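Presented below is the structure to which this report refers.
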Amino acid sequence: MWLLLAGIVLLVCDADATPVGGRTVPDFGKMYHVKGILSLPRTEIKEPFEAWYDLEGNRSRIDYRNGKVHTYLIGNDLDYGAIYKITPVTTETEIQATKFFQLNGTKENPIRPQAALPDLQDFEFEKMENYEGVLCEVWKKVTQAGHKKNTYRLWVTRPEGIDSPATPHRFEMVGYNTLLESHNDKYTIDYSDFSPQTESDIFIPPGGNWKTNIQ
Ligand SMILES: *[C@@H]1O[C@H](CO)[C@@H](O)[C@H](O)[C@H]1NC(C)=O
Ligand SMILES: *[C@@H]1O[C@H](CO)[C@@H](O)[C@H](O)[C@H]1NC(C)=O
C-alpha cells in the first residue's frame, strides 16, 4: 500500500516532467560534452567524434577525423548564425593544408546548433538491460515510411537518480525493409565521457584565414 501511495505522490510531484510507465523520459540537459564512435557495420566504417552542445548559448561543435576536422555551429553570430569549419584539404599544390571555411546563415536557412544526442520525447521505455556491464534503461522508437521500418534504441543510465540528467551509453538504428524482409541499414554510436558541463571557450572558433565559399 505505501508503495502505491509513494508512486502516486511521485507522479503528483513530477507533474511537469513526462512520466512513461512511472519513468520520466531521459533528458541530457541544456549543456553537455560527449565522445562517441559511430559505426556503420556494413561498410566497416568506425568514426570517433567529440561533441559539445550549449542550448542556451545557441551553439554546438563537433570534431572528428581524429580531431582534424572541427565544425562550429553558432546560431547567434551575424544575423542568422554561421558555420565555421576547419578541415585539412589536399589540392594539386598542397597536402593536408588546414583550411578555414565560413558559411553564413540566411533568413530562409538560419544556422542552428546540432545536438549530438537524440531527443527522446517520442521514445518509449522498453526494458532494463546490461550493456558492457552497466545496467541501462533501454528507450525505443519505431518509425515506418512505406516499406522502410526504422527502430531506434538508446541505452542510458541516471547516475543521480531517476529524474536527474541521463548519461548516454549506446544508440542504435536498425532499418528493415518490410517488403524485401531484409535489414537494409544499421548504425550504432557508442558514447563515452559524457559530462553535463563544458568550457565556453570551446565554442569560439580560432582566428584564421576564414573563407566564405564553403561547399
Ligand atoms: C538561435 O540562432 C538562430 C539562427 O540565427 C535564430 O534564428 C534563433 O532565434 C536563435 N535562438 C535563440 C534562442 O537565441
Ligand atoms: C559572411 O559574413 C561575413 C561577416 O559579416 C562577411 O564578411 C562575408 O562576406 C559573408 N559571406 C557571404 C558569402 O555573404
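The values are calculated or read from the model by the stated rules, or taken from the named source; none is laboratory data. Since this is a predicted model, take the numbers as computed values, not measurements. Cβ: placed from backbone, ideal geometry, glycine included. Neighbour counts: every protein chain shown. These area figures cover heavy atoms from the full protein model, side chains too; ligands, DNA and RNA do not enter into them. Shrake-Rupley method; radii C 1.70, N 1.55, O 1.52, S 1.80 Å.
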Exercise. If you check residue 39 against the conditions, is it surrounded by 16 or more Cβ atoms within 10 Å (Cβ to Cβ) and within 16 Å of ligand 1 (Cβ to nearest atom)?
Worked result: no
Seminar exercise, completed: Scanning region 54-81 for residues that are polar (S, T, N, Q) and open to solvent by 50 Å² or more (accessible area, probe 1.4 Å), the one farthest from ligand 1 (Cβ to nearest atom) turns out to be 66
For this session: Answer with yes or no whether residue 135 is in a loop (DSSP other than H, G, I, E, B) and aliphatic (A, V, I, L, M).
Result: no
Exercise. Taking region 82-126 as the search range and keeping residues that are within 14 Å of ligand 2 (Cβ to nearest atom) and among the hydrophobic types (A, V, I, L, M, F, W, C), which one is least open to solvent (accessible area, probe 1.4 Å)?
Worked result: 82
Exercise. Name the residues in region 145-157 that are open to solvent by 30 Å² or more (accessible area, probe 1.4 Å) and touching a residue at least 12 places away in the same chain (Cβ under 8 Å), would you?
Worked result: 147, 148, 149, 152, 153
Exercise. Identify, please: which residue in region 158-207 is acidic (Asp, Glu), outside any loop (DSSP other than H, G, I, E, B) and in contact with a strand residue (DSSP E or B) (Cβ under 7 Å, 6 or more places away or on another chain) and is, among those, least open to solvent (accessible area, probe 1.4 Å)?
Worked result: 172
For this session: Looking only at region 32-75, count how many residues are touching a Ser or Thr at 6+ places or on another chain (Cβ under 6 Å) and touching a residue at least 12 places away in the same chain (Cβ under 8 Å).
Result: 8
For this session: Taking residue 156 as the residue in question, decide whether it is farther than 25 Å from residue 62 by Cα, of a type in the set (Val, Ile, Thr) and either at pLDDT 95 or above or within 16 Å of ligand 2 (Cβ to nearest atom) (or both).
Result: no
